[in-house]
Amino acid sequence: MICLVGDIHYDPLHPVAGRTAGPSDDAALAACLRSLEDRVSAVVLLGDVFDAYVEYRHLVPKGPVRTLGLLASWTHRGVPVHVAVGNHDPWHRDWFERELGFSIHRRATTLAVGGTRLHVAHGDAEEHGSMRFKDRVLRAHWAHRLWTAVLPGDLGQGLAARVSRGMRRHELETRTVEALRTAAARALADGADVVAYGHSHVAERLELAGGTYVNPGLWPMTRTLGVIERAETRLVRWNGAALEAVAG
């Protein structure tokens, strides 16, 4: 089973009820993943794991430690964990890779996992047809280095979190949903079997020409995951004790 996790937007200090994750959402996700432990062959986190993330040379932000610790134990026994960098958490150095054993993907990529050609990205570039100038700057090595060189840890992370809170989506943006569907259709036409995006915060699974598009949605609000098992892609919801199928 390949497990697809959408936007977590972890922010322990400023969670927004039903929208942005705090410790209880981390605990729920860890419990959900632990229930799949004997079945999972790979995990993909589809970006915005943090609501804001600035990794310093010697410091990393407070994060969803239950989920990250569990996944780190999985990579230790050979289960690959892939992370598609999001527009809220682009400033990674090497901690996820060096300490947790995750693979970081800063651009859209197609993974060959379990016999499936799985095309993954956060979805912010796909929303606009290409990466916007401000997003290219945010992902630039020099911008991250300049920020961390000029601003000390608490100030740098705090300012990033404040900016990130201003970027939060509070309403469904139909154009974003449609743009991601269009981008998924193109990726399927280019040879992918399954396309997985986050970013829109809308959980959906669609059969398109050439394959399947899945978006797990916003974890704190929907409690939904995408799973690929025996060549079938499904949406499932964690009800607090077990997974249940989601229609569509």
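Check each of the trypsin sites (Lys or Arg not before Pro) in region 74-104 and keep only those in coil by DSSP with at most 13 other C-beta atoms within 10 angstrom; list them in order.
Numbers: sites: ARG77, ARG93, ARG98; in loops: ARG77, ARG93.
Loop-located and lightly packed - ARG77.
Let me spell out the model: positive unit charges on the Cβ of Lys and Arg, negative unit charges on the Cβ of Asp and Glu, origin at the Cα centre of region 1-131. What dipole size does that give, in debye rounded to 20?
On the way: 12 positive and 16 negative charges, 78 e Å.
Roughly 380 debye, rounded to the nearest 20.
Under the 0.36 nm per residue contour assumption, what length would be gained going from the current alpha-carbon distance of VAL65 and GLU99 to full extension?
Numbers: separation 34, 0.36 × 34 = 12.24 nm, distance 1.29 nm.
Extra length available between VAL65 and GLU99 comes to 11.0 nm.
Would you please name the trypsin sites (Lys or Arg not before Pro) within region 171-245 that are DSSP coil residues with at most 10 other C-beta atoms within 10 Å of their C-beta? Each step should come with its number before you reach the end.
Values: sites: ARG175, ARG181, ARG186, ARG205, ARG223, ARG230, ARG234, ARG237; in loops: ARG223, ARG230.
Filter output for region 171-245: ARG230.
If R₀ is 22 angstrom, what is the calculated FRET efficiency for the pair THR182 and ALA231, using the beta carbon separation as r and rounding to 0.05?
Numbers: r = 25 Å, r/R0 = 1.11.
E(calc), rounded to 0.05, equals 0.35.
No lab work stands behind these numbers, since they all come straight from the coordinates. This one's a predicted model, so the numbers in the text were calculated from it and none came from an experiment. Ideal geometry is used to build each Cβ from the backbone, glycine not excepted, and the neighbour counts take in all protein chains shown.
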